[in-house]
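Step one of this worksheet: look at the structure below.
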């Protein structure tokens, strides 16, 4: 719709004042693109034919103003037409293009900012990766250092092994020499072994002779032992008769496979003792043990009074003192060695 046609619809004459400010924006810092910002005020008076009545002029002007503003806001072609009449069409187009460029610039700036954030993130990741690489590099250098130290130790070990190998070769040579000496020693040992066999034969002959001699000695000892026991029974009986005026029949007695060489009773008197060729302290204890054995196993063989006796051809001084302490009467064929004591049995 043209302005003339639009104005013909209103019978009144209305004067419109339109002011348009056009701003030229900076689009760069280049001297070619710099322009001074100017304000242009365009005043256009539109006079409409057929003026309305005075009573309706205010309402019509208000309605016209609203319709005009609405058309400017909604109708692009109308807006350009009005701008053409006002000489602003080119300015509006340029402003629209400038606005579009500014919008694109802002979008580009937004994109650049996003990319910049991504770049910063990438730089941060690269720095972290670089730090890790430095750490790994330090670890690798430390590992290389330890490997070098281990290599030095290995070389030292190799050198020591070589030295040990040389010593082993030297020792092996000594072993060969020692082996030769051993073979010579074995040879001499074999010769000595043959001599030992010869000597062993002689020893066996000597052993056989010694066995014959020992058999003879054993027979002699048996005869001597028998004669000592018989001699002891005779002498003890005789001395009891002389010293106590008691006639006691003496003989051997067995209690639980243990033999008592001298045993006899007469009235309330019992005699218990041993006969031997040589008397020691152990024989005194043996007499005491056999008295205790009779008390436990054969109490009826004892009497209220007791004589403990040992008949010996020889007695050590220690044994005699010990026998006297234990009230044991010791005598031999020539007489008493300790006093005769009769003890009471509880």
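Read-outs throughout are calculated quantities, based only on the coordinates presented, and are distinct from any laboratory measurement. In this text, all values refer to a predicted model and were calculated from it rather than measured experimentally. Ideal geometry is used to build each Cβ from the backbone, glycine not excepted, and the neighbour counts take in all protein chains shown.
Simple spin-label model, 7 Å along Cα-to-Cβ: residue 111 to residue 168 in nm?
Calculated label separation equals 7.8 nm.
If R₀ is 22 angstrom, what is the calculated FRET efficiency for the pair residue 72 and residue 100, using the beta carbon separation as r and rounding to 0.05?
Numbers: r = 20 Å, r/R0 = 0.91.
Plugging the Cβ-Cβ distance into 1/(1 + (r/R0)^6) gives 0.65.
Using every alpha carbon pair in the range 68-203, what percent of pairs falls into each 10 Å bin from 0 up to the bin containing the largest distance?
Reading the bins upward from 0: 9, 11, 9, 9, 8, 8, 7, 6, 6, 5, 5, 4, 4, 3, 3, 2, 0.
Report the dimensions of the range 150-200 along its three principal axes from the alpha-carbon atoms, largest first, rounded to Å.
That gives 67, 17, 6 Å along the principal axes, largest extent first.
Take the Cα coordinates of the range 97-171, assign each an equal point scatterer, and use the Debye formula without solvent to give log10 I(q)/I(0) at q = 0.12, 0.14 Å⁻¹.
Here the Debye-derived log intensity ratios amount to -0.66, -0.73.
Above 21 Å lies some portion of the pair distances; for the range 226-344, what is it as a whole percent of all C-alpha pairs? Working shown, then result.
Details: 2053 of 7021 pairs.
Looking at the range 226-344, the distances longer than 21 Å represent 29 percent of pairs.
How long is the gain from residue 195 to residue 281 if the chain were fully straight, where each residue apart is worth 0.36 nm and the alpha carbon distance is subtracted?
Values: separation 86, 0.36 × 86 = 30.96 nm, distance 4.79 nm.
Length gained, residue 195 through residue 281: 26.2 nm.
If each residue's Cβ is checked for other Cβ atoms within 10 Å, how do 65, 202, 305 rank with the fewest at the top?
Working: 65 12, 202 9, 305 15.
In order of increasing Cβ crowding within 10 Å: 202, 65, 305.
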